[in-house]
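What follows is one structure encoded as structure tokens, with my remarks underneath.
Taken together, the values in this text are just the output of simple stated rules run on the coordinates, not laboratory data. Small disclaimer: the values here were computed from a predicted structure and weren't measured. Here the Cβ positions follow ideal geometry from the backbone for every residue, glycine too, while neighbour counts run over all protein chains shown.
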């Protein structure tokens with residue numbers, strides 16, 4: 001499957017905000033966005049008129065890249081959200097948050113979603129006691145995520161858990177740091193997402 005292989009710092013600059021792709025580095029003065037907050041490219045500092053469609057497209061691209069999804073994956077997730085009961089935009093946010101790779105990152109087991117996705121595919125985690133190596137696995141209320149017994153001494157996970165206080169753990173996850181376990185106490189809601197997000201723009205884009 002194709003993946004973005006260019007500098008991820010360019011994505012933050014293009015979207016005009018920190019998206020924390022490089023974990024702890026993003027909190028230091030080495031962050032590329034801190035040094036050059038304008039868009040990359042020859043005309044990055046130029047300001048032009050932005051159409052309504054461009055705003056909708058940029059929002060979709062931003063959220064898709066934040067969660068590390070390909071176009072088809074993101075579109076299928078939107079279709080699931082649209083078919084579900086409730087507000088489509090809020091359903092979309094909840095479904096994205098409930099991905100296993102995102103939950104692993106949000107619980108503090110990985111410094112970034114990219115790292116979390118790699119650890120999941122390598123079999124580092126158990127969901128309700130069973131091995132799950134599919135990053136898109138959608139969690140439900142009362143599910144438990146636990147680091148596999150053979151992986152609990154892994155330096156990447158230990159180092160990430162030490163830094164979890166800086167990022168914080170969302171209210172829908174309960175972290176047991178000593179046992180390297182996290183529990184989904186409830187389904188995530190819109191207010192649990194701190195990243196600036198305008199999901200209604202995405203709904204409007206796909207409604208055309």
Between residue 61 and residue 162, with labels modelled 7 Å along Cα→Cβ, what's the label distance in nm to one decimal, could you check?
-> 3.8 nm
Could you sort 174-186, 105-117 so that the peptide with the highest average Cβ count within 10 Å comes first and the rest follow in order?
-> 105-117, 174-186
Once the Cβ-Cβ distance between residue 148 and residue 70 is put in as r, and R0 is 35 Å, what FRET efficiency do you end up with, to the nearest 0.05?
-> 0.85
Out of every Cα-Cα pair in the range 58-208, what percent are more than 28 Å apart?
-> 17 percent
Can you bin the range 99-187 into rounded, prolate or oblate? Criterion: square roots of the alpha carbon gyration tensor eigenvalues sorted a ≥ b ≥ c, rounded for a/c under 1.5, prolate for a/b above b/c, oblate for the rest.
-> rounded
Using 0.36 nm per residue, how much length does the chain from residue 122 to residue 178 gain when fully extended, once their Cα-Cα distance is taken away?
-> 17.9 nm
For peptides 94-100, 141-147, sequence by mean Cβ density within 10 Å, most packed first | 94-100, 141-147
